[in-house]
Each structure stands twice: as structure tokens, then as C-alpha cells.
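The block underneath contains the structure these notes are about, expressed in C-alpha cells.
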Amino acid sequence: MAQIDQTPAWQALVEHAGTVGKLHLRDMFRTGDDGDRYRQFSREAAGLRLDLSKQRWQGDTLELLLELARDAGVPEAIERLLSGERVNISEGRPALHTALRLPADASLMVDGEDLVPAVHATLAQMDSMVDRLHAGQWRGATGKSIRDVVNLGVGGSDLGPLMVTHALSDFRPDVAHPVEVHFASTMDGSQLADYLSRFNPETTLFVLSSKSFTTIDTLSNANTARDWLVNRLVTHGHQEGVDAELVMHQHFIGVSASPDKMSEWGIAADHQLEFWEWVGGRYSLWGAIGLPIALVIGMEGFRRLLAGAHAMDHHFQTAAMQDNLPVVLALAGIWNNNFLDIRAHSILPYDGRLEYFAAYLEQLEMESNGKSVTNDGDSVDYSTCPVLWGQLGPNAQHAFYQLLHQGTQAVECDFIAPLARYDDVADPATRAHLMGQHRLTLANCFAQSRVLMLGDDAIADDGPRPEHKRYRGNQPSTTLLLERLTPETLGALIALYEHKVFVQATIWGINPFDQWGVELGKKIANETRDIIEGRQGLDDMDASTRGLIEATWRAADE
Ligand code: F6P
């Protein structure tokens, strides 16, 4: 099949970019197609408002992009994704994260089986674990109630739950026995070592989250945790009847698509939560991998998160292409990346609760669409996923906004903020202060996107200025407003980006659901570890790696 850049729709966009690409955003706002770009380029769904008017495009640009999406088969691809076809072609699987948020009375037949009952059976299993922990009825081996839960996982088995628990910590339910949830992902053990130095083993429970249950990062943390518990509670413990088997049973929950491997490692069968190969790691927070989320916001809160994501799924499936939030957001990215040559994308939330949102999206977008081979096995000759990074907007203003305003790189920005906040704070004086801080934050958010757009024109003419005080503007941005940050709107926001990634992958003709690019690094890391540990095998090494390994040996010998 011809690649997308050979189609008439792509060629029309190249030609269109030749003229529209030369326009400055300030001129587009002056002459706007119908004088009101905000109305023209804003869309709403599922508690989210998307303002795409500060993109460097016009009405006819969007028309051409929609034609490109139709030529690439986006409407049909959406149907294939949601109906459970094997869209992950290199691994021969469907990608059914959307099935994890279907309501209990829905049904989704895949290969003659309805997936919904199994999905809700897992939710019920999570429900019962969360209930026991929140009631103080889940006891460690010595009989004390669990207080600290540490999630051991990495990538998709860490970032989603970490991001959501942080974002929604205001939604903790009032329970008899709240537990504190923590995350350790790094293979160097630094996060875990800190917890082990502070927590009481009698009241600490570990959740081993790993789809494959082979990830060395997670397993090495898990082995350290297991030894810590057995050492402290059995070898050096003084309580009769407390043995390693009891410790393993009471202090570990496993979450994986591989029950055999969980059993082999020592997770008791009744403390295993299973999920399915048809859920990709970075798309998995909606099921058992979301257990830490449910422990923080309760199962009711977790179901609200699922409902918000489902509302976005429904919108994605039913809204017309030009009004479809994931579709138009994806098209803005394609326009910037492929036609305006803007290859950097910054994610800038203006709400401290979204601290980990950019880190989460870095995996979602770059591990999904950082590909250069099409589904037909051909090398692409156009650019795919841009470099994406971000941080809380207010902090980034004091860090890298200098580059956005006056550097040499063109960067697309996503500004994200809730419209309302703090109106529920009980103390009136504190409420007034905090609501003022919220308005200040929104003012900064809107001011930054305005200056990035207009440059010098954002301020009244105050006479000639030296070059180093000038702003060129013309940096495109999207502003995404949530009515307020709730489980529902966060669910919708995450699902929006998941579907955006899928639409872009469809247009680029690549598979967003595999990640072969990370495999070679894992293999070579294992070989390198054998060399470091075995102190031999340097002969075939390049000079740089040889020098680094020898330095490791010298440091160990000193
Ligand atoms: O190495 C990349 C990756 O495979 C991600 O795709 C995944 O989210 C992460 O590692 C963790 O994998 P697992 O859940 O199997 O431990």
C-alpha cells in the first residue's frame, strides 16, 4: 500500500503549508476566517473544553486534515479498535483498554467470548481487597493491620497509578483504616531503600505490578523486599508461627497477565489479580494495575474514573470527525509535525495535582508512536512522534519557558488547567486565599499561551526595544480546560490522549501497541551485567564500554 505521504490529501497539505505556514498567528487572529477563531476551533465533550484556536491553521487547513484522516481510514480504524479486532498486528492481539471501562451491563464479544463479565469479576476482586485493607482487616504476618502499601512496578505498571493517585488524592474516602500508598520503580533500589529504612515490615504490603512478570527492574525490587520481610519477620522475628509462607501470603499481592510466573515467584493464588494480554502496559491503569488508585480514592472513585474514560470512548466512537476531540487534537499534532516541521511538544499542566501527567504522557506517546516502520514493514519517510516532554507549567515558567519564548526551536505546547478549584475549602479566609491563587494560576496559563502566540504584540507599543527583549511569538498551542479535576474528567483526559495517539498512529500507518525498540537494550543490559559480575568477556567490547566497565571494577576494588 502507498504510504500516506504519497496520497493527494497529503500533497494538498504540503502545498497548503507553503502559504499558511508563512502566516504569523497574530495575523490569523486579526483576520480570522469568521472573526472568531475561539468559537471556530473550540470543542467540548465529557467535561473537557479543547481550544485549538492558537494552532497555526485556518478553517481550510482543518478541512484538508480531515480529508487526510478519512483517506488514512481513521473512522474504520476506530471501529476496528473498539470492536476488538487485532489492531496490534506485530503481536497478533486486540488492544482493548476500552473494554476495561465498559459498564457491567455492556457486552463485547471477541472470538466468541463476552469480555465484560471477566473485566467486572476482576473489579469485584479488587473491591474486596480494597475493602479489607480499608477496614483494617488485612493483617500482616504478626497480626497487625497493614498501613503502608508499596507498588513495585515500572513503565505502565507504575506511571499511570502514580500519576492518578497524585492527581486525585483530594478524593480519599472516609474509611476506618486508611492506608498510605507509595511507589518504587527504579532498578537501582533508591526509592525502595528509603521505604525499607522507614517502614515497619509488620504493617507493609507490596503490590508486584508487572504485566510480563519478567521485568528485571521490578523483580529486583521485589526480591529485595521479600528478603527484607523474611529477615525481619522470620529470621530475626520473635513471634511463634510466623514463617516465610505466611509472610509471602500476607505481604504480597501480584498483578500480572502471567499467573504461572506469579505463582513461581511465590504470590499466593488468592492474592493474584490477573489481566489480559490484550491490555497494553501503558494502557493498563484501568484494570488491576489500578489497584493503588483504588486504594487511594476507593473503588467508588475508581469506577468514576472508568466512567469518565468511557464517556470519552463513547464520544470518540460517535462524534463526527470535525467535532471529535481526539481526532482534532491528533490532527493539530500531525499538522505541526509533518507540515510545519515542529518536532517538539511540551505538556504544561497548570495544577500541581497533575505533577506526573507529563511523565505519564511521555511513555504513552513516545513508546506508542516512536516508530519508523509501517504496518506493511516499510521504513517511513516522514516524521512520526515528536519529542515530548513537560512539567508543571508554573514551575516550567522559571525553567525552560525562556527557550519557548526566545530560543530557536519551534515547539507545540499543551496548556492544561481546571476552571474551578478550592470553592469547597471549609475555612472562608483560606478559601479566599486559595481561590485567588487559582485565579493567579489561570492568569499565568492564559498569559503564557498569549505571549507565545502574539510575541511582542501581546503588549502595547512602548517604543523601540533592543533585540534581546523581543519576542517573536508564533509558537502554536492547545489549551485544554477541565470543568474541575475529578475522577471523571481525569478519566476523560487520559482517554482523550490515548485516542489521540491511536488516530496519529493510524495516519502514520504504524502500530502504537508494541514496543520492540526497548527489547535490545534489555538483552544487552543482561549481557553487560554478566561481564561486570563475572569480570571477564571484555574482549569484544568497544573501547568506551570497556573503559566504563574497568572503572566499575577499579571502584569496587578500592
Ligand atoms: O520496557 C518497556 C515496558 O515493556 C513497558 O512497555 C511496560 O509498561 C514496562 O516495560 C513494564 O513492563 P511489565 O509491566 O511487563 O513489567
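Do we find that residue 100 is within 27 Å of residue 322 (Cβ to Cβ), at pLDDT 95 or above and of a type outside the set (D, E, K, R) in this structure? If you could, list the steps in order and put the result at the bottom.
On the way: within 27 Å of residue 322 (Cβ to Cβ): no; at pLDDT 95 or above: yes; of a type outside the set (D, E, K, R): yes.
It is false that residue 100 is within 27 Å of residue 322 (Cβ to Cβ), at pLDDT 95 or above and of a type outside the set (D, E, K, R).
Name the residue, out of 45, 99, 77, that is of a type in the set (A, V, I, L, M), under 21 Å from the mean Cα position of the chain (by Cα) and surrounded by fewer than 22 Cβ atoms within 10 Å (Cβ to Cβ).
Working: 99 fails: surrounded by fewer than 22 Cβ atoms within 10 Å (Cβ to Cβ); 77 fails: under 21 Å from the mean Cα position of the chain (by Cα).
When all the criteria are applied, what remains is 45.
Could you list, ordered by first residue, the pairs with Cβ atoms under 6 Å in which the first is in the range 216-237 and assigned by the TED database to the domain that holds residue 529 and the second is among the hydrophobic types (A, V, I, L, M, F, W, C) and within 12 Å of the ligand (Cβ to nearest atom), at least 6 apart or interchain?
Cβ pairs passing all conditions: none.
Criterion first (more than 12 Å from the ligand (Cβ to nearest atom) and surrounded by fewer than 24 Cβ atoms within 10 Å (Cβ to Cβ)) does residue 277 satisfy it? It would help to see each step written out before you state the result.
Working: more than 12 Å from the ligand (Cβ to nearest atom): no; surrounded by fewer than 24 Cβ atoms within 10 Å (Cβ to Cβ): yes.
Considered against the rule, which asks whether it is more than 12 Å from the ligand (Cβ to nearest atom) and surrounded by fewer than 24 Cβ atoms within 10 Å (Cβ to Cβ), residue 277 comes out as no.
Name the single residue that is surrounded by the most Cβ atoms within 10 Å (Cβ to Cβ) among those in the range 313-367 being within 17 Å of residue 477 (Cα to Cα) and of a type in the set (D, E, K, R).
Per the stated criteria, the residue is 343.
Considering every residue within the range 191-205, establish whether at least one is more than 30 Å from residue 309 (Cα to Cα), surrounded by 15 or more Cβ atoms within 10 Å (Cβ to Cβ), more than 16 Å from the ligand (Cβ to nearest atom) and β-branched (Val, Ile, Thr).
The answer is yes; a qualifying residue exists.
Which of (1) of a type in the set (A, V, I, L, M, F, W, C); (2) more than 16 Å from the ligand (Cβ to nearest atom); (3) loosely packed, with under 12 Cβ neighbours inside 10 Å is the odd one out, the single condition residue 520 does not satisfy?
Single failed check for residue 520: (2).
Would the range 506-528 turn up any residue that is closer than 30 Å to residue 545 by Cα and of a type in the set (Ser, Thr, Tyr)?
Yes; the residues of the range 506-528 include at least one that is closer than 30 Å to residue 545 by Cα and of a type in the set (Ser, Thr, Tyr).
Within the range 292-313, does at least one residue satisfy the condition of being within 16 Å of the ligand (Cβ to nearest atom), modelled with pLDDT of 95 or more, in contact with a Ser or Thr (Cβ under 8 Å, 6 or more places away or on another chain) and not in a helix (DSSP H, G or I)?
No, the conditions are met nowhere in the range 292-313.
Looking at 99, 69, 95, 118, which one is hydrophobic (A, V, I, L, M, F, W, C) and not in a helix (DSSP H, G or I)?
None of the others qualify; the one that does is 95.
Starting from the range 40-51, take each residue that is under 13 Å from residue 485 (Cα atoms) and in the same structural domain as residue 495 (by the TED database) and list its partners that are hydroxyl-bearing (Ser, Thr, Tyr) and part of a strand (DSSP E or B), counting only C-beta distances under 8 angstrom and pairs at least six apart or across chains.
Within 8 Å, the pairs are 49/42.
Can you pull out the residues in the range 206-222 that are more than 9 Å from the ligand (Cβ to nearest atom), under 17 Å from residue 255 (Cβ atoms) and part of a helix (DSSP H, G or I)?
Within the range 206-222, 221, 222 meet the criteria.
Restricting to the range 1-32, and then to whatever is surrounded by 15 or more Cβ atoms within 10 Å (Cβ to Cβ) and not in a helix (DSSP H, G or I), can you tell me which residue is modelled with the lowest pLDDT?
32
Counting just the residues of the range 121-162 that are within 27 Å of residue 364 (Cα to Cα) and either more than 27 Å from the chain's Cα centre (by Cα) or assigned to a loop (DSSP other than H, G, I, E, B) (or both), which one comes out farthest from the ligand (Cβ to nearest atom)?
Out of the qualifying residues, it is 158.
I'd like to check something: does the range 259-272 contain any residue that is within 16 Å of the ligand (Cβ to nearest atom), farther than 30 Å from residue 144 by Cβ and among the polar types (S, T, N, Q)? Step through it out loud before you land on a result.
Taking the range 259-272 as the starting set, the residues that turn out to be within 16 Å of the ligand (Cβ to nearest atom) are 259-262, 264-265, 267, 272.
Those still in the list that are farther than 30 Å from residue 144 by Cβ too: 260.
From the residues that got through so far, the ones that are among the polar types (S, T, N, Q) too are none.
No, the range 259-272 has no match at all.
Taking the range 163-186, which residues are away from the ligand (no atom under 16 Å from the Cβ), part of a loop (DSSP other than H, G, I, E, B) and of a type outside the set (A, V, I, L, M, F, W, C)?
As a first pass, look at the range 163-186 and keep what is away from the ligand (no atom under 16 Å from the Cβ): 165-182.
With the extra rule that they be part of a loop (DSSP other than H, G, I, E, B), the set shrinks to 168, 172-179.
Across the range 163-186, the qualifying residues are 172, 173, 174, 177, 178.
The values are calculated or read from the model by the stated rules, or taken from the named source; none is laboratory data. This is a predicted model, so every value here is computed, not measured. With ideal geometry, Cβ positions are generated from the backbone for all residues, glycine too; neighbour counts draw on all protein chains shown.
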